[in-house]
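Structure record follows, encoded as structure tokens.
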Amino acid sequence: MKTRLISMALACLLAASCSSSTAFAAKRRAVPARGPAQWNHDWANGAVFYEIFVRSFKDSNGDGVGDLNGLIEKLDYLNDGNPATSTDLGIDAIWLMPVFESPSYHGYDTVDYETIARDYGSNADFQRLLSEAHHRGIRVIVDYVMNHTGSEHPWFIDSASSPTSAKRDWYVWSSTDQGWTQPWGGSNPTWHPKNGAWFYGVFWAGMPDLNYRTPAVRREMERIARLWLQQGVDGFRLDATRHLIEDGPGAAQTDTPETHALLKEFATFVRQTKPESILVAENWTDTPIIATYYGSTAAIKGGDEMPMNFDFPLAAAIVEGVNAGRANGIADKLREILRTYPQGIIDAPFLTNHDQVRLATVFGNNTSKMKNAAAILLTLPGAPFLYYGEEVGLQNGPTSGDESKRTPMPWDNANGFTTGAPWFGYAPGREQENIAAEANDPGSLWSRYRDLITARHSSSALMHGSIEVLDTASSVLAFVRTAGNERVLVVHNVTDGFVNAGPMNVPNAGFEKIFTDGTLADPSGSLTLPPRATGIWRIR
């Protein structure tokens, strides 16, 4: 080959035309430029997700700890794969809280990203879960804790062993205590002593932060992500994404330019590896800051950073508005989202999650309020997330700790979760608030969730459509969802009394009922809503 190239070069010196002809040949051989890899996860837009703490969902072997085989047993409860049945909840995807090996009950201090926690089963069990879920049309995303590892992870043990260790720069070290405290307030430190030096851990000493300024760390976390995506995982929920790379004390520990750059780099990697997968990020902050985590939609449809972000401010507005009987705060938040978020993104609304007091407890176990909040959530744009047990009004457990937000699932009033002693005590109210009692009651909270999910699936506008918030009294939340030629009117009464919502000023030639509480009148006239009632109509 080398001799041939020299000969061509000599020939070019002897023939003036060689340069042009060689350039022409090179042009013909050139590969056309390709645009950036795009997301291909339209399945997620409008899908209903269900958050599961495996430890508390279903125990299959009587040891008191929920496991993957128990979850497999209950997949038909979530979605049996048959749209004609009405015994399943009808969810589209599940989010599994941490399932990798960890010394803690919660799993957010990972010590082996490639191995399923022994309490939950084996890697083979996880593969069977993926197969059974996908057979039913259920997508599966898993918690990927990128910000930190557990302090017992072999990487950290190596890093802490010596300033000259091979993985020293996989974590953030200082020869002195920098004296920073946690950026959300209080006096808890973020620098922790170890073997004569100090390491950074924004949450606590048991969770040292990874150092993403080290390229080897970035490549290793990408390798692990590829491993699970190739095994069939449909995406990741990314923990604590505001805190990945810090620039200094206080607010400089959050939302830094390097953090955004890292997330864009990781998103690019995931798009190139498995474009049909989804990423949903935990950015617990205000609406304008959350908006920045979608990145730019100029070149990448849906955003070049995080394609979904949990909507904490909207969740707070819904819960507070329903509790107080005022809808104007919810309407204002929806309008702010429309003004602030990039066009074409997928919002991730929810009511509560594993870090928050259970909705039933916040509402004083008021079923009408829980039904009200469920109706609002399941008629919003984006991909709503339900927290396991929320559909039957699962309350907080007996203590003030996080474990009480994550208690065993009340399948019935006896031993539906486990035949042994549960890993943690049941929440109060299990005698009445359980799946066995509610699934066959058409007036139950469970049936309302099931019926609303069915209504959502029946309408392209409810699943994928845009939203226009209507001007109404403070007791009423009303909006129009639009997708293509389909327009849907949604009206919610968030009070405990009857409300005259007046005529709905939307151009129409009639209304077709999709879902209503009771016998609501056609909204073409003056619409009176019973307490906490919802009406959903297709506009003809």
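Scan segment 207-221 and tell me whether some residue there is among the hydroxyl-bearing types (Ser, Thr, Tyr) and in a loop (DSSP other than H, G, I, E, B).
Checked against the condition, which is being among the hydroxyl-bearing types (Ser, Thr, Tyr) and in a loop (DSSP other than H, G, I, E, B), segment 207-221 yields at least one hit.
Within segment 443-456, is even one residue closer than 27 Å to Thr367 by Cβ, among the polar types (S, T, N, Q) and in a helix (DSSP H, G or I)?
Scanning segment 443-456 turns up at least one residue that is closer than 27 Å to Thr367 by Cβ, among the polar types (S, T, N, Q) and in a helix (DSSP H, G or I).
Here are some residues: Ala509, Ala501, Ala521. Which one is exposed (fewer than 11 other Cβ atoms within 10 Å of the Cβ) and either of a type in the set (Gly, Ala, Ser) or at negative phi (or both)?
That would be Ala509, the only listed residue that is exposed (fewer than 11 other Cβ atoms within 10 Å of the Cβ) and either of a type in the set (Gly, Ala, Ser) or at negative phi (or both).
Between a residue in segment 413-440 that is touching a residue at least 12 places away in the same chain (Cβ under 8 Å) and any residue that is of a type in the set (Lys, Arg) and in a loop (DSSP other than H, G, I, E, B), which pairs come within a Cβ distance under 6 Å, given they are 6 or more apart or on different chains?
If the second residue must be of a type in the set (Lys, Arg) and in a loop (DSSP other than H, G, I, E, B), the pairs left are Asn413/Arg430.
If you scan segment 193-220, which residues turn out to be open to solvent by 20 Å² or more (accessible area, probe 1.4 Å) and not aromatic (Phe, Trp, Tyr)?
Of everything in segment 193-220, those that are open to solvent by 20 Å² or more (accessible area, probe 1.4 Å) and not aromatic (Phe, Trp, Tyr) turn out to be Pro193, Lys194, Asn195, Gly196, Ala205, Asn211, Arg213, Pro215, Ala216, Arg218, Arg219, Glu220.
Suppose we keep only residues that are out of contact with any strand residue (DSSP E or B) (no Cβ under 8 Å at 6 or more places or on another chain) and of a type in the set (Asp, Glu) within segment 72-124. Which one would you say is nearest to Trp204 (Cα to Cα)?
Asp119
Within segment 266-284, can one find any residue that is open to solvent by 30 Å² or more (accessible area, probe 1.4 Å) and farther than 23 Å from Ala225 by Cβ?
No, there is no match, as no residue in segment 266-284 is open to solvent by 30 Å² or more (accessible area, probe 1.4 Å) and farther than 23 Å from Ala225 by Cβ.
In this structure, does Glu246 turn out to be under 26 Å from Asp112 (Cα atoms), open to solvent by 10 Å² or more (accessible area, probe 1.4 Å), within 22 Å of the chain's Cα centre (by Cα) and not aliphatic (A, V, I, L, M)? Full working, then the answer.
Working: under 26 Å from Asp112 (Cα atoms): yes; open to solvent by 10 Å² or more (accessible area, probe 1.4 Å): yes; within 22 Å of the chain's Cα centre (by Cα): no; not aliphatic (A, V, I, L, M): yes.
No; evaluated as a whole, the condition is false for this residue.
Okay, residues lined up against (1) within 30 Å of Lys264 (Cα to Cα); (2) surrounded by fewer than 24 Cβ atoms within 10 Å (Cβ to Cβ); (3) not hydrophobic (A, V, I, L, M, F, W, C):
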site	(1), (2), (3)
Asp304	yes, yes, yes
Gly321	no, no, yes
Gly325	no, yes, yes
Lys333	yes, yes, yes
Gly364	no, yes, yes
Pro384	yes, no, yes
Gly389	no, no, yes
Val392	no, no, no
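Answer yes or no as to whether Thr259 is touching a Lys or Arg at 6+ places or on another chain (Cβ under 8 Å) and open to solvent by 10 Å² or more (accessible area, probe 1.4 Å).
no
Which condition breaks for Arg237 when tested against (1) within 25 Å of Tyr50 (Cβ to Cβ); (2) of a type in the set (Lys, Arg); (3) open to solvent by 10 Å² or more (accessible area, probe 1.4 Å)?
Going through the list (1) within 25 Å of Tyr50 (Cβ to Cβ); (2) of a type in the set (Lys, Arg); (3) open to solvent by 10 Å² or more (accessible area, probe 1.4 Å), Arg237 breaks only (3).
Which residue pairs have Cβ atoms closer than 6 Å, lie 6 or more positions apart in sequence or on different chains, and pair a first residue in segment 48-67 that is closer than 13 Å to Met409 by Cβ with a second residue that is among the basic types (Lys, Arg)?
Note: pairs meeting the criteria are Phe53/Arg406; Ser56/Arg406; Lys58/Lys74; Val65/Arg55; Gly66/Arg55; Gly66/Lys58.
Of the residues in segment 45-90, how many are open to solvent by 30 Å² or more (accessible area, probe 1.4 Å) and under 24 Å from Glu282 (Cα atoms)?
1
Which of the residues belonging to segment 190-206 are assigned to a loop (DSSP other than H, G, I, E, B), touching a Gly at 6+ places or on another chain (Cβ under 9 Å) and not polar (S, T, N, Q)?
Matches in segment 190-206: Gly206 only.
Restricted to segment 435-458, and to residues that are hydroxyl-bearing (Ser, Thr, Tyr) and within 15 Å of Pro384 (Cα to Cα), which residue is surrounded by the fewest Cβ atoms within 10 Å (Cβ to Cβ)?
Top of the filtered list is Thr454.
Restricting to segment 242-266, count the residues that are assigned to a helix (DSSP H, G or I) and in contact with a Leu (Cβ under 6 Å, 6 or more places away or on another chain).
Summing the residues that are assigned to a helix (DSSP H, G or I) and in contact with a Leu (Cβ under 6 Å, 6 or more places away or on another chain) in segment 242-266 gives 2.
To keep it simple, each residue is scored yes or no on (1) modelled with pLDDT of 95 or more; (2) in a loop (DSSP other than H, G, I, E, B); (3) among the basic types (Lys, Arg).
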site: Pro32; (1), (2), (3): no, yes, no
site: Gly35; (1), (2), (3): no, yes, no
site: Gln38; (1), (2), (3): yes, yes, no
site: Trp43; (1), (2), (3): yes, no, no
site: Ala47; (1), (2), (3): yes, yes, no
site: Asn61; (1), (2), (3): yes, yes, no
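So for segment 414-434 (the condition being open to solvent by less than 30 Å² (accessible area, probe 1.4 Å), out of contact with any Ser or Thr (no Cβ under 6 Å at 6 or more places or on another chain), in a helix (DSSP H, G or I) and modelled with pLDDT of 95 or more), does at least one residue qualify?
Within segment 414-434, not a single residue is open to solvent by less than 30 Å² (accessible area, probe 1.4 Å), out of contact with any Ser or Thr (no Cβ under 6 Å at 6 or more places or on another chain), in a helix (DSSP H, G or I) and modelled with pLDDT of 95 or more.
The values are calculated or read from the model by the stated rules, or taken from the named source; none is laboratory data. Being a predicted model, the structure only gives us computed values, none of them experimental. All Cβ positions, even for glycine, are placed from backbone atoms using ideal geometry, and neighbour counts span all protein chains on display. Protein only, heavy atoms only, side chains kept; ligands, DNA and RNA dropped before computing areas. Shrake-Rupley method; radii C 1.70, N 1.55, O 1.52, S 1.80 Å.
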